[in-house]
Amino acid sequence: MRQHWKKVAVIGVTLATVSGIGLAWAAWTASGSGSGSAKAGTAQSLTTVDNSASLTTSLYPNGSADVAIKIHNPNPYAVTVTDVVGNGSITSGNSTCDASNGVTFDDQHGLSIAVPAGGTTAATFSNAAHMSNASVDACQGQTFSIPVSVSGASS
């Protein structure tokens, strides 16, 4: 009979343990619903950096030359530049080679210039600068600053 009570006791303890685990698990289960949050950043402007040292062509009266720029992207995502458009007066370092220097820039459209996140990419536009015959002698040997606007989209 003692044996029988031992079996009953073991079975009872086992059932109590299993039942207790089941109750503990059920007691700690929870569910619900709600919403999370995400915040979009703000795009920073692309900038250009002087790249005149890379030029291999030169302007002369009634001639054309390449225009070189470096585009810097401070954003945390890559950008593809599609347009580079002149947006101001072209100047030189010589005050006697002023706005009447006869230098013009051909706007560049339909481009696909990849600029990595936080990176800089160089671009050269073939024969995009032109000098008229109206340029004065003081413009000889000058490097011209061509103000541009660059635009594109995240890629």
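Details
- Members of segment 64-77 found to be of a type outside the set (Lys, Arg) and either surrounded by fewer than 16 Cβ atoms within 10 Å (Cβ to Cβ) or not in a loop (DSSP other than H, G, I, E, B) (or both), listed by number: SER64, ALA65, ASP66, VAL67, ALA68, ILE69, ILE71, HIS72, PRO74, PRO76, TYR77
- Being under 15 Å from the mean Cα position of the chain (by Cα), at pLDDT 95 or above and over 18 Å from LEU55 (Cα atoms) is a description that does not apply to THR121.
- Scanning segment 100-114 for residues that are crowded, with 18+ Cβ neighbours inside 10 Å and either over 14 Å from ILE69 (Cβ atoms) or free of Cβ contacts under 8 Å to residues at least 12 places away in the same chain (or both) yields ASN101, GLY102, VAL103.
- Screening ASN51 with (1) touching a Pro at 6+ places or on another chain (Cβ under 8 Å); (2) open to solvent by less than 70 Å² (accessible area, probe 1.4 Å) gives one miss only, at (1).
- Scanning segment 115-131 for residues that are surrounded by fewer than 14 Cβ atoms within 10 Å (Cβ to Cβ) and either within 21 Å of GLY88 (Cα to Cα) or of a type in the set (A, V, I, L, M, F, W, C) (or both) returns ALA117, ALA122, SER126, ASN127.
- Counted residues, segment 84-99 - those being among the hydroxyl-bearing types (Ser, Thr, Tyr) and either outside any strand (DSSP E or B) or surrounded by fewer than 17 Cβ atoms within 10 Å (Cβ to Cβ) (or both): 3
The values are calculated or read from the model by the stated rules, or taken from the named source; none is laboratory data. Nothing here was measured: the structure is a model prediction, and the numbers come from that model. Positions of Cβ are backbone-derived with ideal geometry, glycine not excepted, and every protein chain shown enters the neighbour counts. What goes into the accessible areas is simple: the full protein's heavy atoms, side chains included, and nothing from ligands, DNA or RNA. Shrake-Rupley method; radii C 1.70, N 1.55, O 1.52, S 1.80 Å.
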